Amino acid sequence: MSYGCLILEKDEEKGIAKITLNRPEAMNSWNYQMAKEFLEAVRSLEDNRKIRVLIITGSGGTFSTGADLKYVRSLLDEGFEKGWEMITTLNEAFSNCEKTRLPVIAAVNGFALAGGLELILCCDIVLMADNARIGDYHSNFGLIPGGGGSQRLPRKIGDQNAKYLLFTGRWLSAEEAKTMGLVHQVVPADKLIEEAEKLAIRIAEKNPGGLKYMKYLANKSRDLPLEEGLKLEQEIFMKFAVEERENLIEGLTAFIEKRKPVFK
């Protein structure tokens with residue numbers, strides 16, 4: 001399938017897919033078409049068992065500056081029915097990115113603002129260029145988050161830090177974002193994709209079934225009391241042992257034989 005607002009690349013030999021948000025003329029801001037295409041692109045990777053890791057980045061030197069405000073303004077003149085459709089599609093796209101079986105790496109270049117930040121909050125690992133900026137600037141234009149920022153941001157960095165970013169609309173440097181817990185690694189801008197691909201290759205070598213269940217359990221841990229989470233982990237472990245018996249044996253055998261495991 002061809003896309004108008006993003007580029008989807010797949011390297012099945014390495015097990016890596018990359019989605020590049022591609023509306024550079026609008027700084028990769030979101031409209032309905034890009035939200036719908038992003039949702040479809042991530043879904044298309046779910047059933048491709050050769051793909052094990054997903055990288056997300058932006059074209060034109062920018063990750064994403066959030067919703068296309070010119071587009072949103074035009075929707076207000078039409079009763080905002082299309083605006084509601086865009087918001088629900090965008091939320092579905094972000095939630096699907098968060099829940100996909102694939103480990104998702106955000107390679108943040110340039111600006112990641114508002115909806116760009118909201119997408120990052122749905123990714124599993126975040127690499128950020130040293131000259132990039134990140135923040136939520138909804139308040140600067142009299143808006144509120146519509147892509148999950150008010151809910152995911154406090155869970156990620158705590159109430160006070162989240163409210164500070166939401167209320168002030170301030171942008172953070174890469175190092176500030178790392179200190180606050182939004183970013184895992186800051187890398188030179190010209191090495192961003194290279195480092196993201198190195199990390200993706202490292203992860204793609206792991207047991208994909210194990211990664212799927214670890215991601216599921218880690219995501220569920222945010223909503224469950226510890227006792228319930230531990231019980232769920234035991235239940236999933238038994239399910240994993242049955243479903244992934246061949247890969248489990250391969251991993252243990254590789255440990256005994258002091259070699260690198262090769263998972264199917």
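Are any of the pairs Lys36/Lys70; Lys191/Lys258; Lys99/Lys239; Lys50/Lys260; Lys36/Lys163 more than 23 Å apart by Cα-Cα distance, and if so, which? Correct reply: Lys191/Lys258; Lys36/Lys163. Quick one: go through region 45-85 and flag any residue whose amide nitrogen is under 19 Å from the point 7 Å out along the Cα-to-Cβ line of Ala189. Output list for this probe position: 57-66. Distance between the 7 Å Cα→Cβ label points at Ser221 and Thr179: 2.6 nm.
Extension gain for Glu92 to Asp47 (0.36 nm times residue separation, less C-alpha to C-alpha distance): 14.4 nm.
The DSSP beta bridges internal to the chain are antiparallel in roughly 30% of cases. When peptides 117-124, 57-64 are sorted by average Cβ neighbour count within 10 Å, with the highest value leading, the order is 117-124, 57-64. Taking all Cα pairs closer than 8 Å and separated by 6 or more residues, the relative contact order of region 122-208 comes to 43 percent. Calculated FRET efficiency, Leu76 to Lys258, Cβ-Cβ distance, R0 = 51 Å: about 0.20 to the nearest 0.05. For region 163-194, the residues whose backbone nitrogen is under 14 Å from a point 7 Å from the Cα of Asn140, taken along Cα to Cβ, are 165-173. Per residue, the average separation of C-alpha pairs within less than 8 Å and at least 6 apart gives the chain a relative contact order of 16 percent.
Any read-out appearing in this document is the output of simple, stated calculations on the displayed coordinates, not a laboratory observation. Keep in mind it's a predicted model, so treat the numbers as computed, not measured. Reconstructed Cβ throughout: ideal geometry from the backbone, glycine too, with neighbour counts over all protein chains shown.
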